[in-house]
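Where a number appears in this text, it was derived from the coordinates with a stated rule and is not lab data. Bear in mind that the values here come from a model prediction, so they are computed numbers and not experimental data. As a convention, Cβ positions derive from the backbone with ideal geometry for all residues, glycine included, and neighbour counts pool all protein chains shown.
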């Protein structure tokens, strides 16, 4: 019986870079078969090891602009001369099939989506401490001091937008954080405003019939 | 580290009689050690097999009225000359200890609590179909036709208050319903308005220090 909206949910996940959101999302995809990770489009050239259709859909600038004109993006933005965008069609297809679609996007994109689709679930992932994040990055030793400075500057700004989100998950341990995200996805499906009117109506009709029989 | 409000959550569970809410709650208590079922007080006499402190706290009418005067109830009501109420003190103690407190109460009591404590989680449990509920009750064969009529009449009214609740859980299978309730409890703890201001402040302070060091 079709009791609850079986349509999938759109889930936006953001968080300061280095907070481990990609690892958490990977774990969610592994443990929850009803989820799918949306892949963004970009007009920038692929970097070594990047795979088309996995890391990004790589388009030419012309192709990207054509898609913009056709209204094919949920949101898009330009950074440093390159376009980045969230394609609409595949997402709609997955949602229609009852799959929860996860978008890992930065805050500006998330806010644009929030304007358009208010029933999207917005999850912000935070590290348990910034010191720990710093230590992790120092350990990797892959970043210039300048890049590091910029990174923490952005993190500061991002933390100030937390209240635009619905949930905050602290990534203490990946498995715990994943369990929380999965709980949010289950819980959101039980929210009262997602229950189908037709289901409540069918219950009421049944009661009506039963009352007539009993009378 | 104290990152999220560790205070427990107050959870009100309602649903038409016969929907199986007590069985679901029993399963939640069994599978989730951080939950506790609140026991109501009543001034009515115990029925055979009812245990004081388990089914109800049995009080004399005078004791009950004294507690009312002292403001010891979260909500109370009078039915057929007897008082029924939700005692405040034990609940507060449990919440303070980080335990989620479950109240299984009918809709009138739930609405009274909602007026006072808006951050309570309200869950409504529904049977997958009223026909099935009727069949189950017919099978038990313990009810007069009149009692049955009244029961379904109440159910009809109750279903019309569903939109006062936050969540609707359909009790198709007890284990599934229990899983959903547990997911709601986890998910609610991650809601953005439950995150501690002090935690966000500590992250911001850390970033500030890191930026000073990097500069």
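For peptide B:204-215, the mean count of partner chain Cβ atoms within 10 Å of a residue's Cβ comes to 6.
Relative to the current alpha-carbon distance between residue A:89 and residue A:205, full extension at 0.36 nm per residue lengthens the span by 38.0 nm. Going by a ≥ b ≥ c, the root eigenvalues of the Cα gyration tensor, does segment A:145-215 fall in the rounded group (a/c under 1.5), the prolate group (a/b larger than b/c) or the oblate group? Judged from the Cα gyration tensor, segment A:145-215 comes out prolate (a/c at least 1.5, a/b above b/c). Counting only DSSP beta bridges with both residues in the protein assembly as shown, the antiparallel share comes to about 35 percent.
With a ≥ b ≥ c the root eigenvalues of the C-alpha gyration tensor of segment B:39-120, is it rounded (a/c under 1.5), prolate (a/b larger than b/c) or oblate? Here segment B:39-120 falls in the prolate category.
Angle between the Cα long axis of helix A:145-159 and the longest principal axis of chain A, 0 to 90 degrees, nearest 10? So the inclination is approximately 20 degrees. Over chain B, dividing the summed -39,500 (n - 2.57) contributions of all DSSP H runs of at least 4 residues by the number of residues returns a 222 nm mean residue ellipticity of -14500 deg cm²/dmol.
Summarising the label geometry, the points placed 7 Å from Cα in the beta-carbon direction at residue A:23 and residue A:7 lie 3.6 nm from one another. Rounded, prolate or oblate: which fits segment B:63-215, taking a ≥ b ≥ c as square roots of the Cα gyration tensor eigenvalues, rounded meaning a/c under 1.5, else prolate when a/b beats b/c? Oblate shape, in that a/c is at least 1.5 and b/c is the bigger or equal ratio. Nearest 5 is fine: what % of DSSP beta bridges in chain B come out antiparallel, could you say? Roughly 35 percent of the DSSP beta bridges within chain B come out antiparallel. Pairs of Cα atoms nearer than 8 Å and 6+ residues apart set the relative contact order; for chain B it is 32 percent.
Shielding of peptide A:143-150 by partners, expressed as the average count of other chain Cβ atoms within 10 Å per residue Cβ, is 2.
Take every DSSP beta bridge whose two residues both sit in segment A:39-97; close to 75 percent of them are antiparallel. Among A:83, B:156, the ranking by other beta carbons within 10 Å of each residue's beta carbon, starting with the fewest, stands as B:156, A:83.
Exposure proxy ranking for A:120, A:6, based on other Cβ atoms within 10 angstrom of each Cβ and starting from the fewest, stands as A:6, A:120.
Each part gets one Cα centre, and for segment B:151-169 versus segment B:1-71 those centres are 20 Å apart.
Taking a spot 7 Å from the Cα of residue A:116 along the direction of its beta carbon, which residues of segment A:35-52 have an amide N less than 19 Å from it? Hits in segment A:35-52 for residue A:116 at 19 Å: A:36-44.
For A:42, B:86, the sequence from fewest to most other C-beta atoms within 10 Å is A:42, B:86.
Placing a pseudo-label 7 Å from each Cα along the Cα-to-Cβ vector at residue A:154 and residue B:164 gives an inter-label distance of 4.8 nm.
Applying 1/(1 + (r/R0)^6) with R0 = 35 Å to the Cβ-Cβ distance of residue B:196 and residue B:69 gives a FRET efficiency near 0.45.
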